[in-house]
1. Pick from Ala100, Ala49, Ala40: which is most flexible by mean-square fluctuation in a GNM of the chain where alpha carbon atoms under 10 Å apart are linked?
2. Which one of Gly42, Ile29, Gln13 has its Cα pushed farthest toward the positive end of the charge dipole of the chain, where Lys and Arg give +1 and Asp and Glu give -1 at the Cβ?
3. Restricting attention to the alpha-carbon atoms of region 53-93, what are Rg (one decimal) and Dmax (integer), both in Å?
4. Determine the per residue accessible area of region 4-115 with all protein chains present and a 1.4 angstrom probe, expressed in square angstrom.
5. To the nearest 20 debye, what is the magnitude of the charge dipole of the chain about its Cα centre, counting +1 on the Cβ of each Lys and Arg and -1 on the Cβ of each Asp and Glu?
6. Where the accessible area of the chain is counted over protein heavy atoms with a 1.4 Å probe, how much of it, in %, is carbon and sulfur?
7. Considering all projection directions equally, how large on average is the shadow of the alpha-carbon convex hull of the chain, in square nanometres?
8. Would you mind working out the magnitude of the charge dipole of region 25-91 relative to its Cα centre, with +1 at each Lys and Arg C-beta and -1 at each Asp and Glu C-beta, to the nearest 20 Debye?
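The values are calculated or read from the model by the stated rules, or taken from the named source; none is laboratory data. What you see is a predicted model, and the numbers here were worked out from it, not measured in a lab. Here the Cβ is made from the backbone with ideal geometry for all residues, glycine too, and neighbour counts use every protein chain on show. Keep in mind that these areas ignore ligands, DNA and RNA; they rest on the heavy atoms of the full protein, side chains included. Shrake-Rupley method; radii C 1.70, N 1.55, O 1.52, S 1.80 Å.
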Amino acid sequence: QVQLVESGGGLVQPGGSLRLSCVASGSGIIIWNMAWYRQAPGKQRELVAAITSGGRPSYEDSVKGRFTISRDVAKNTVYLQMNSLSAEDTAVYYCNAKRASADYWGQGTQVTVSS
């Protein structure tokens, strides 16, 4: 089993930045495909960024060039650096770990972009 705990969300002005963290316990993230999803009010949860067990990142089109996913294997932590934030980025952000049929989620962290 994997336990995931997100942090780093909050209120930020348009154009600002935030860095989300996801600390994993119970298993090393190096063997998991990790991802960040988000869910805005009234919308479906969507994939934002992912990093494979081999370290390859990928991004949803609307965040390319603004968001960066990374991991620190020694700290068992995955990060999502978010720059140039806009109101459309407002959502609850969830950390996810997948491997074969195993699929784990964190509790989510709220990101609100507003002036």
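1. Result for the chain, Cα springs under 10 Å: Ala100 fluctuates most.
2. Checked the options; the winner is Ile29.
3. When restricted to the Cα atoms of region 53-93, Rg and Dmax are 11.6, 34 Å.
4. Heavy-atom accessible area per residue stands at 51 Å².
5. Once rounded to the nearest 20, the dipole reads 200 debye.
6. Working: 2910 of 5940 Å².
Summing carbon and sulfur atoms, their accessible area is 49 percent of the total for the chain.
7. Result: a mean projected hull area of 6.7 nm².
8. 140
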